[in-house]
Amino acid sequence: MTVLFISDLHLTAGDPEAIRRFIELMDGEARDCSQVYVLGDLFEAWIGDDDDDPFIVPIIDAIARLTGAGVPCSIMHGNRDFLLGPRFCGATGCRLLGDYERIVLFGQPVLLTHGDLLCTDDTRYLTLRAELRSTAWQRDFLAKPLAARRRIASELRQMSATEIAAKSDDIMDVNQAAVEQTMRDFGVSLLLHGHTHRPAVHRFVLDGRPATRIVLGAWHEPPSIVRWDATGFKLETLD
C-alpha cells in the first residue's frame with residue numbers, strides 16, 4: 001500500500017482551484033492509500049477551531065470522508081495553521097502530530113517535520129515563532145472575537161510578506177548543520193519536510209553513511225506529492 005505525503009497547500013477562500021484539487025485528492029487517490037500525512041500549512045491561516053468561514057466546511061468534510069472510509073490521516077502544525085486543535089481533529093478524524101514525528105515506513109525510520117525549525121539562520125522568524133506558540137499569546141488571541149482575529153492574522157501575513165521580501169534565499173532555507181544534528185538526535189537517515197517551497201531530493205553523507213532529505217513543494221506552484229510504497233519514495237508533481 002502507498003503512504004501519501006503533502007504539505008504547504010495554504011488553502012484559502014481566494015484559491016478555489018487548490019481547494020478543488022485537495023478535495024479531489026481526498027476523494028480519489030487518497031482512498032487507496034494506507035495512510036495520509038499533511039506536513040503543515042494545510043491552511044493559509046487558521047484563527048481557531050471556532051472559525052465559521054464557509055470555505056472551510058468542504059475541506060473538513062473531505063478529510064472526514066477519507067477517515068470515515070478507514071484511511072488514517074495525520075496532520076502537523078505549520079507556521080500558518082499552528083492553532084489547529086482538538087475540535088478540528090474531532091471534526092475531521094485527523095491525528096495531530098508534534099513538531100517532529102519519527103515513523104517507520106516499510107522497515108525504514110523516517111523523520112517528519114514541517115521544516116521551519118530547521119531554518120535556524122532566520123533568527124527573526126524563530127523569535128516570532130516562539131512568541132506565537134506561547135500559551136499566553138494563544139490564550140489572549142483565542143479570547144478575541146473572530147473579526148479581530150481575522151484582522152490580526154491578515155496583519156501577520158502582511159508582515160511575513162514584507163519580511164520575506166527583505167531576506168536572502170539562504171536565510172529562509174534550512175541550515176544543513178541543523179538538519180544533520182536533528183537527524184542524529186532522532187536516529188534517522190531519511191528526513192521529509194515542507195515549508196521552504198523548494199521541492200527536491202537532497203542526498204548527502206551523515207557520519208559516514210548515506211542520508212536523504214526530501215522536500216515537498218507548495219500548492220500555489222505545481223502541487224508536489226510524495227508517494228511511498230515498498231519500492232521506496234517518489235517525489236512527483238500531482239497529476
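Any read-out appearing in this document is the output of simple, stated calculations on the displayed coordinates, not a laboratory observation. Only a predicted model underlies this, so the values are computations on that prediction, with no experimental measurement involved. Backbone-built Cβ (ideal geometry, glycine too); neighbour counts: all protein chains shown.
Laid out as a table, the results:
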quantity	calculated
Over the chain: helical MRE at 222 nm, DSSP H runs n ≥ 4 each giving -39500 (n - 2.57), nearest 500	-11000 deg cm²/dmol
³J(HN,Hα) computed for each position of the range 37-44 - Karplus, 6.51 cos²θ - 1.76 cosθ + 1.60, integer Hz, glycine/proline x	10, 10, 8, x, 6, 4, 10, 5
Options Y125, T92, Q138, ranked by Cα towards positive dipole end of the range 62-189, top entry (Cβ charges)	T92
Only Lys, Arg (+1) and Asp, Glu (-1) charged, at Cβ; the chain dipole about Cα centre in debye	420 debye
The range 199-204 - phi-based ³J(HN,Hα) in whole Hz, Karplus 6.51/-1.76/1.60, Gly and Pro as x	x, 5, 10, 9, 10, 8
Rounded, prolate or oblate (a/c below 1.5 giving rounded, otherwise prolate when a/b exceeds b/c) for the range 137-210 by Cα gyration tensor	prolate
Exposure proxy ranking, count of Cβ atoms within 10 Å, fewest first, for V174, V179, V3	V3, V179, V174
Antiparallel %, DSSP beta bridges [both residues in the range 2-237], to 5	55 percent
